[in-house]
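Down below is the structure, laid out as structure tokens.
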Amino acid sequence: MKPELIVPAGNLDKLKFALAFGADCVYAGVPIFSLRARENQFKIDSIREAVKYTHEQGKKIFLTCNIYAHNHKIEPFLRAMEEMVALKPDAFIVADIGLISIIRERWPEVEIHLSTQANTTNWAQVKFWKSMGVNHIVLARELSINEIRGIHEQVPDINLEVFVHGAMCFSYSGRCMISNYLTGRDSNQGMCSQSCRWQYRVYKERRERKERRERQDYQELEGQYFVEEKERPGELMRVDEDENGTYLFNSRDLCAIGYLKELEEAGVTHFKIEGRSKTPYYAAIATKCYREAIDLIEAGKNVPVEELMEELATSANRGFTPGLLLGSLGGNNQRYDKNESYKTVDFAGIIRSYDEKKKLAEVEVKNRFEKGDKCELVMPDKTISQKITGIYTLEGESVDTAHGGDKNVLIEMKKKPDEFTLIRKEIV
């Protein structure tokens with residue numbers, strides 16, 4: 001069986017780009033009950049449209065409802081499930097064993113995919129979940145390729161899904177408590193504040209003695225370090241770290257495009273990309289690159305890994321790592337120096353329509369571009385160069401610059417672009 005590529009959809013627009021650029025399946029959050037609840041732009045009507053559109057394309061859609069529910073959320077969850085089940089998505093991605101047992105009892109026909117939040121790390125767990133009626137497991141991100149192979153050998157008749165690209169949490173498969181501890185926003189309830197990305201300063205215990213004396217837990221810190229977050233002066237937090245530590249929890253981004261063949265041979269049936277809160281450009285580029293790699297592997301051809309990684313790097317990232325697929329890489333998985341996102345291009349805009357008669361394309365501007373800029377048009381099956389020769393407002397006024405966040409603009413374009421065309425320009 002050819003592995004399927006699963007791509008995130010934070011809204012309907014991203015979903016359409018993911019499908020256009022080669023996703024086999026997309027996953028979208030059930031409102032309130034997914035772990036991207038703050039960024040999730042789907043409501044019941046747009047979920048309905050998403051399911052309909054995805055099935056019209058002959059593809060699959062999975063709905064994510066992977067919170068760990070407290071008592072007060074169970075009844076609202078069941079009411080939401082009534083509506084969602086009626087839409088007939090291809091599966092629900094769930095983590096909470098209690099919610100899974102209720103779904104199994106009330107809707108036995110529903111396909112359940114076990115979320116990575118359930119931290120499945122061994123074959124015994126997989127056998128247990130299979131006995132619960134779960135036939136598709138999103139494995140914990142802490143597993144090596146050899147460990148995945150061992151699970152497949154013990155339980156060969158179950159789908160195994162693995163994350164292959166995107167941001168990683170400082171946590172155990174996403175079950176992080178840092179956000180809850182520092183801000184009161186529980187990541188396991190879909191409200192992550194991304195505290196792992198904040199900037200921290202490291203001090204030796206002799207500094208800020210007054211603050212230490214006022215806090216009982218810092219009265220015996222001889223030889224220790226504590227940190228102060230940039231935006232929270234005076235709020236001291238104990239940490240064991242050397243003088244080079246600043247971004248203490250800041251992981252590099254996962255990129256496993258060079259290990260897809262090994263993962264498939266180890267028994268992985270589904271490759272998953274992370275990033276429901278990211279841009280349509282990210283969804284398109286990540287999908288396009290992994291689609292090409294999967295297809296080349298299936299055709300028995302070599303994958304141009306370096307070339308594809310260069311293309312992946314055009315989208316914002318914190319540097320790449322294979323995560324724990326090769327075993328522990330220690331500190332090489334972290335970025336201690338800064339929290340900057342790296343990219344080699346700016347996502348300039350999305351072409352929304354084209355006037356054949358006037359030879360003008362309407363662009364939704366995402367980042368600034370100017371008349372005379374050399375850009376590229378990124379389409380599902382090709383990328384071509386495009387110089388910006390003219391920019392106009394929708395009222396027809398000629399301007400020199402388009403700004404992200406402003407109204408759409410018109411640009412001169414001799415040939416009609418394909419549907420789902422993105423514009424990018426090189427950063428100089």
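Every read-out reported here was derived from the displayed coordinates using simple, explicitly stated rules and does not represent laboratory data. Since the structure is predicted, the reported quantities are computational estimates derived from the model, not experimental observations. Note that each Cβ is placed from the backbone with ideal geometry, even for glycine, and that neighbours are counted across all protein chains shown.
Highest average first, the peptides 142-150, 42-50, 70-78 ordered by how many other beta carbon atoms sit within 10 Å of their residues are 142-150, 42-50, 70-78.
Which shape class, rounded, prolate or oblate, goes with the range 258-301 when its Cα gyration tensor gives a ≥ b ≥ c as root eigenvalues, a/c under 1.5 marks rounded, and past that a/b bigger than b/c marks prolate? Oblate. Most tightly packed first, judged by the mean number of other beta-carbon atoms within 10 Å of their residues, the peptides 59-65, 191-197 read 59-65, 191-197.
Peptides 8-16, 128-136, 393-401 ranked from most to least packed, by the mean per-residue count of other Cβ atoms within 10 Å: 8-16, 128-136, 393-401. Under the shape rule built on the C-alpha gyration tensor, where the axes satisfy a ≥ b ≥ c, the range 20-147 is oblate, since a/c reaches at least 1.5 while a/b does not exceed b/c.
On the beta carbon distance between GLU82 and LYS382, with R0 = 45 Å, the FRET formula returns roughly 0.50.
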